[in-house]
Amino acid sequence: MKRALAAAIAAAAVFVVACGGDDGGSGSASSGGGGSASKKSIVYVPGLTGNPFYSTVACGAKSVAAKNNVNFSVQGAPEWNVAKQTAIVNAIIAKKPDAIMISHNDPKAMIVPLKRAESAGIKVMTIDGDLADTSIAVSNIQSDNLEGGRLAGERMAKLIGGKGTVISIDNDPGFPISEARVKGFNDAIAKYPNIKNLGVKYSHNEVAEAANIVSTTAGSNPDLVGVYAAETNNTEGAITGVREAKKDGKISIVGYDTSDPIVAALREGKVQGVIVQYPYGEGQKGIETLVKAIDGTKVERNQTAPFVVATPDNVDDAKVQQYIYKLNC
């Protein structure tokens with residue numbers, strides 16, 4: 001990424017409008033100061049804007065900001081891009097908020113900018129994935145992705161009757177969260193000797209590429225009966241790929257995370273299972289944890305969040321609906 005572009009992003013970080021700016025404050029990340037008597041400023045940096053998971057994290061954080069005496073704002077870029085996220089973090093550091101809550105783009109590349117934030121006296125918390133250097137963030141909140149992958153594998157095995165060929169789609173290699181999701185799935189599938197696992201293919205987080213992987217694989221493997229998609233875009237792509245291959249009703253899709261199109265596909269029976277995390281609760285817990293950390297209270301370093309398995313049969317149940325991600329609060 002060109003330096004000029006990074007500088008421009010730093011000068012004008014993109015603001016997430018889906019959940020509003022602050023909660024009863026100015027929306028600025030510049031109040032600083034900390035301490036129990038003063039209003040605290042906390043900024044959330046999502047992995048990218050316009051993503052239902054991150055928008056729901058922000059909504060959860062916003063819901064508890066006022067009662068915790070917090071000016072809360074959200075700043076992020078519309079792309080999954082380390083250079084852009086770094087530029088945004090640098091711009092936030094210059095405004096000296098009390099804390100940064102971040103869903104980072106890379107566990108290693110984001111160490112330097114977040115270390116800079118820590119050195120400036122800004123508390124750092126990670127949501128949905130720790131840094132490779134765990135000394136920087138005061139706490140990390142995320143679901144057990146290995147267990148989520150295992151549940152996906154068990155759901156798939158049940159759907160296909162323990163036999164047939166399956167494939168996984170991930171964004172890119174080298175990311176611990178998605179690798180854990182794929183490993184959990186593989187571990188579960190390995191218990192069924194009549195299931196042939198084609199392994200994982202990478203879409204680079206592109207819906208069109210995920211669709212192409214599914215349609216091409218279905219064409220060369222007539223016995224393909226299952227697709228596991230480790231991220232939102234891959235699930236949406238799998239839906240298209242199955243349709244293009246004219247295999248609706250013959251290939252089961254199990255995904256990870258939701259979006260409006262995925263929920264609609266669940267209701268229509270085009271997706272047969274989705275592992276749904278609880279980003280709303282993660283946002284709430286993030287604010288509550290950072291307020292304590294700002295005030296000097298020791299906080300739990302590693303925190304977990306629950307999830308549910310959404311199916312066509314339960315997607316509209318009240319409990320499951322509490323977990324479903326939304327772009328707007």
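Once you reduce region 255-329 and region 147-224 to the center of their Cα atoms, the two points are 22 Å from each other.
Per-peptide packing, taken as the mean over residues of other Cβ atoms within 10 Å, places 286-294, 52-60 in the sequence 52-60, 286-294 from highest down. Find the relative contact order for the chain and round it to a whole percent, using C-alpha pairs within less than 8 Å whose residues are 6+ positions apart. With pairs under 8 Å counted, the relative contact order is 19 percent. Charge dipole (Cα centre; +1 on Lys/Arg Cβ, -1 on Asp/Glu Cβ; no other charges) of region 145-276 amounts to roughly 640 debye.
Extension gain for K108-L198 works out to 29.4 nm (0.36 nm per residue, less the C-alpha to C-alpha distance). Each peptide among 81-93, 236-248 gets the average number of other Cβ atoms lying within 10 Å of its residues, and from highest to lowest they stand as 81-93, 236-248.
In the chain, the calculated helix contribution to ellipticity at 222 nm averages -12500 deg cm²/dmol per residue, counting -39,500 (n - 2.57) for every DSSP H run with n ≥ 4. Summing charges over neighbours of A210, with a neighbour being any other residue whose Cβ is under 11 Å away from its Cβ, gives -4 when K and R count +1 and D and E count -1. Residues of region 37-53 with backbone nitrogen within less than 17 Å of a virtual label 7 Å along the Cα-to-Cβ line of D295, please, listed as ranges. Hits in region 37-53 for D295 at 17 Å: 37-42. The simple spin-label model puts a point 7 Å past each Cα toward its Cβ; for D187 and K163 those points are separated by 2.8 nm.
Charging the Cβ of each Asp and Glu at -1 and of each Lys and Arg at +1, and nothing else, the dipole of the chain about its Cα centre rounds to 340 debye. Bridge orientation summary for the chain: considering DSSP beta bridges with both residues in this region, about 10 percent are antiparallel.
Taking the charge dipole of the chain about its Cα centre, with +1 at Lys and Arg Cβ atoms and -1 at Asp and Glu Cβ atoms, the residue from A152, N197, T289 reaching farthest to the positive side is T289. Summary of packing: across the peptides 297-305, 155-163, 119-127, the per-residue average of other C-beta atoms within 10 Å ranks them, highest first, as 119-127, 155-163, 297-305. Close amide H pairs (under 5 Å, H built 1.01 Å from N) link Y44 with S73, V74, Q75, M101, residues at least 5 positions away or on another chain.
The amide H of V271, built 1.01 Å from its N in the peptide plane, has L266 as neighbours under 5 Å, considering only residues 5 or more places off or on other chains. Of the listed values (i) 25.9, 81; (ii) 21.8, 74; (iii) 20.3, 66, grab the one calculated as Rg and Dmax of the Cα atoms in Å from the structure here. Structure-derived value, by its label: (iii). Cross-link check: pairs K84/K298; K247/K326; K95/K123; K96/K123; K246/K270; K191/K246 evaluated at a Cα-Cα cut-off of 22 Å; pairs beyond the cut-off: K84/K298; K247/K326; K191/K246.
Every read-out reported here was derived from the displayed coordinates using simple, explicitly stated rules and does not represent laboratory data. Quantities reported herein were computed from a predicted structural model and do not represent experimental measurements. With ideal geometry, Cβ positions are generated from the backbone for all residues, glycine too; neighbour counts draw on all protein chains shown.
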